[in-house]
1. Considering only the stretch 47-64, state which residues are outside any helix (DSSP H, G or I) and either free of Cβ contacts under 8 Å to residues at least 12 places away in the same chain or on the phi > 0 side of the Ramachandran plot (or both).
2. Can you pull out the residues in the stretch 96-147 that are in a helix (DSSP H, G or I) and closer than 19 Å to Arg75 by Cα?
3. Take the stretch 110-136 and flag every residue that is surrounded by 12 or more Cβ atoms within 10 Å (Cβ to Cβ) and under 30 Å from Gln58 (Cβ atoms).
4. Could you grab me the full set of residues in the stretch 9-53 that are at pLDDT 95 or above and within 20 Å of Glu100 (Cβ to Cβ)?
5. Filtering the stretch 149-180 down to residues that are under 16 Å from Tyr138 (Cβ atoms) and in a loop (DSSP other than H, G, I, E, B), which residue is modelled with the highest pLDDT?
6. Tell me, yes or no, whether the stretch 69-79 has at least one residue that is β-branched (Val, Ile, Thr), buried (at least 16 other Cβ atoms within 10 Å of the Cβ), at negative phi and not in a helix (DSSP H, G or I).
7. Could you tell me whether the stretch 41-55 includes any residue that is of a type in the set (S, T, N, Q) and crowded, with 22+ Cβ neighbours inside 10 Å?
8. Return a yes/no flag: does the stretch 30-44 have any residue that is within 29 Å of Arg154 (Cα to Cα) and assigned to a helix (DSSP H, G or I).
Amino acid sequence: MRFLVTGSSGHLGEALVRALSDLEHEVVGVDILPSPFTTCIGAITDRFCVAQCMIGVQAVFHTATLHRPHVDTHRRQDFVETNITGTLNLLEQAAAAGVESFVFTSTTSVFGDALVPPRGAPAAWVTEDVTPIPKNIYGVSKAAAENICQLFHRNEKLPCIVLRVSRFFPEEDFDKEAREACANNNMKVTPIATGRLHGHSALNALRYALAGRPILVPP
């Protein structure tokens, strides 16, 4: 099977390329940064690049993104171009190529202020009924990309699924109180306490998202 993995030089993208390659699948990795797991150095905002990468692809794992730590270093327009326009380019080319599965990695950050517990409550209870209230351009851009995925699923009949994952990037946590209360290394190994997601769990989620076919890592 031939896969396209966007963000193949990144944390999750690299893990995906490794897992798929170990199972002897053909993988096209695209990223703006070179790495041993990237076969095409280019941007998802480049329509020609995306079209070339999509040739012969049967399934897409879209993990390329500007994420929460970039809010302090990038313009809002950068988030619009990468997270929204880039996703649109991929969806258009995937639909045109007849791709069988499109898996978009979104984020729990789209919930934003909806995750703030009600007064007197120890935590917020999150279900499918919770209305997202993004609190920064990252959350807004990912929510918009989710809506575009839904549009292509409904109007273009593109098999598409969105996964909202919690954070597992290597940077320090952006919550000042959390950083002061716990050492950085401990923050990364206590996912229940900090809301982090283990990388292996992310791979398993993607495994089950791909049309129910167990092709990535064992449970």
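The values are calculated or read from the model by the stated rules, or taken from the named source; none is laboratory data. Since the structure is predicted, the reported quantities are computational estimates derived from the model, not experimental observations. As a convention, Cβ positions derive from the backbone with ideal geometry for all residues, glycine included, and neighbour counts pool all protein chains shown.
1. Of the stretch 47-64, the ones outside any helix (DSSP H, G or I) are 54-64.
Passing the criteria: only Gly56.
2. Answer for the stretch 96-147, where residues must be in a helix (DSSP H, G or I) and closer than 19 Å to Arg75 by Cα: Ser109, Val110, Ile137, Tyr138, Gly139, Val140, Ser141, Lys142, Ala143, Ala144, Ala145.
3. Of all residues in the stretch 110-136, those surrounded by 12 or more Cβ atoms within 10 Å (Cβ to Cβ) come to 110-112, 114-116, 124, 126, 130, 132-136.
Within the stretch 110-136, just Val110 meets the criteria.
4. Glu26, Val27, Val28, Gly29, Val30, Ile44, Val50, Ala51, Gln52, Cys53 - these are the residues of the stretch 9-53 that are at pLDDT 95 or above and within 20 Å of Glu100 (Cβ to Cβ).
5. Applying the filter and picking the extreme gives Ser166.
6. No, because not a single residue in the stretch 69-79 is β-branched (Val, Ile, Thr), buried (at least 16 other Cβ atoms within 10 Å of the Cβ), at negative phi and not in a helix (DSSP H, G or I).
7. So in the stretch 41-55, the residues of a type in the set (S, T, N, Q) come out as 45, 52.
Pick out the ones that are also crowded, with 22+ Cβ neighbours inside 10 Å and you get none.
No, the stretch 41-55 contains no residue that is of a type in the set (S, T, N, Q) and crowded, with 22+ Cβ neighbours inside 10 Å.
8. no
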